[in-house]
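The values are calculated or read from the model by the stated rules, or taken from the named source; none is laboratory data. On a predicted model such as this, the values are computed, not experimentally measured, just so you know. Neighbour counts run over all protein chains shown; Cβ positions are idealised from the backbone, glycine included.
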Amino acid sequence: MRVLVTRRWPEEVERALQDRFEVVLNHADRALSLAELAQAMGEVDVICPTVSDRIDAEVIGGGDRVKLIANYGVGFDHIDLAAAKAKGIAVSNTPGVLTDATADIAMTLLLMAARRAGQAERELRAGHWRGWRPTHLIGSSLKDKVLGLVGMGRIAVATARRARHGFGMRIAYYARRQCDPAIAEELGAEFHPELRGLLGASDFVSLHVPGGAETANLIDAAALAAMKPGSYLINTARGGIVDHDALADALRTGHLAGAGLDVYPHEPHVPEALLSLENAVLLPHLGSANIETRIAMGMKALANIEAFAQAQPLPDRIA
């Protein structure tokens, strides 16, 4: 069975794949074009894309050989599931293994935004630091502040635990349904049935919903206006959830004190309006970027490929 890995994976995982299958590796580790992805649909049995690969209907229609799309990652809004289903192509992802790593990055962004760490490091490296003084780069504490979570899945819960037990924050959340009562009790989490209510009650808002049409620009100008003056926005979910022009305006006017972003609508492009803002912390999609997690993600993908090869149910099938 022939498997295409669209970007470089940790060597340990690539070796494990090569021990079992004929593997086509992208040694240059460059983004494949839509034409190359479409061509691969007729040349391999399994394609293993990442969030940076757009597997749309045109790509899927490029050939008839691929029967499994084993996505390297949890989010799958870059894959046209309807088109895959129409061609009888199964789709899997890698849930569970990147929860802690992404929660760590959410807290990293929250801390960096609250304590103005990115701005401070830029000042120091540029040689502009004039020494300690009482009013220099004053930020916000976290203790007793409200962290509002939009979505309450595994990553949101892991982030809330870090914030509650590690930093003494108060937890609130908005989701389609209330979370497990035991989790709510552990975290002292207050449920908000309306998004605007959560936004207005939170000192920090962290986004944890899937990407796609249902959540596109969920945090738009109106939502940003509903946020508490002087609050912070954190996004480790998907870039398309936020209207970044409206976010830039909210940061520029001071309505928001800061933002921390790890994801963007058209990666690797970063919205130009954000690049010059000192109160925006911008990371290059590092959510799952520790070696343990990236290996675990690859092994999850491998487990799905092996199950497919043996005509067994896929452990992480999404379509």
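R133 meets each of the listed conditions (1) more than 25 Å from the chain's Cα centre (by Cα); (2) under 30 Å from V74 (Cβ atoms) apart from (2).
Here D316 does not fit the description of being among the acidic types (D, E), more than 20 Å from E14 (Cα to Cα) and modelled with pLDDT of 95 or more. E12 - would you say it is farther than 26 Å from H269 by Cβ and either assigned by TED's automatic domain parsing to the domain that holds N304 or among the β-branched types (V, I, T) (or both)? So E12 fits the description; yes. All of V66, V5 fail the test of being within 20 Å of K300 (Cα to Cα), without any contact (Cβ under 8 Å) to a residue 40 or more places away in the chain and of a type in the set (A, V, I, L, M, F, W, C), apart from V66.
Close Cβ contacts (under 7 Å, 6 or more residues apart or on different chains) running from residues in the stretch 34-45 that are assigned by TED's automatic domain parsing to the domain that holds D64 to residues that are acidic (D, E) comprise L34/E58; L37/D53; A38/E58; G42/D64.
Checked against the criterion of being modelled with pLDDT of 95 or more, more than 22 Å from the chain's Cα centre (by Cα) and in a helix (DSSP H, G or I), the stretch 108-115 has no qualifying residue. It is to be established whether one or more residues within the stretch 124-142 are in contact with a helix residue (DSSP H, G or I) (Cβ under 8 Å, 6 or more places away or on another chain), among the small types (G, A, S) and under 22 Å from L282 (Cβ atoms). There is at least one residue in the stretch 124-142 that is in contact with a helix residue (DSSP H, G or I) (Cβ under 8 Å, 6 or more places away or on another chain), among the small types (G, A, S) and under 22 Å from L282 (Cβ atoms). Residue count for the stretch 248-281 under the criterion of being touching a residue at least 60 places away in the same chain (Cβ under 8 Å) and either in contact with a Phe, Trp or Tyr (Cβ under 9 Å, 6 or more places away or on another chain) or surrounded by fewer than 22 Cβ atoms within 10 Å (Cβ to Cβ) (or both): the result is 8. Scanning the stretch 265-311 for residues that are of a type in the set (S, T, N, Q) and in contact with a Leu (Cβ under 7 Å, 6 or more places away or on another chain) turns up N279, S288, T293, N304. Just one of the listed residues (G200, G153) is surrounded by fewer than 18 Cβ atoms within 10 Å (Cβ to Cβ), among the small types (G, A, S) and closer than 17 Å to I105 by Cβ, and it is G153. Of the residues making up the stretch 190-218, those that are of a type outside the set (D, E) and free of Cβ contacts under 8 Å to residues at least 40 places away in the same chain number 9. For A101, the conditions (1) over 30 Å from K300 (Cβ atoms); (2) of a type outside the set (K, R); (3) within 21 Å of the chain's Cα centre (by Cα) all hold with the exception of (1). Within the stretch 310-317, not a single residue is outside any loop (DSSP other than H, G, I, E, B) and small (G, A, S). Take the conditions (1) in contact with a Phe, Trp or Tyr (Cβ under 9 Å, 6 or more places away or on another chain); (2) not in a loop (DSSP other than H, G, I, E, B); A296 misses just one of them, which is (1). Listed by position, the strands (runs of 3 or more DSSP E) contained in the stretch 1-104 that have at least 3 residues being surrounded by 21 or more Cβ atoms within 10 Å (Cβ to Cβ) and of a type outside the set (S, T, N, Q) are 2-5, 46-48, 68-70.
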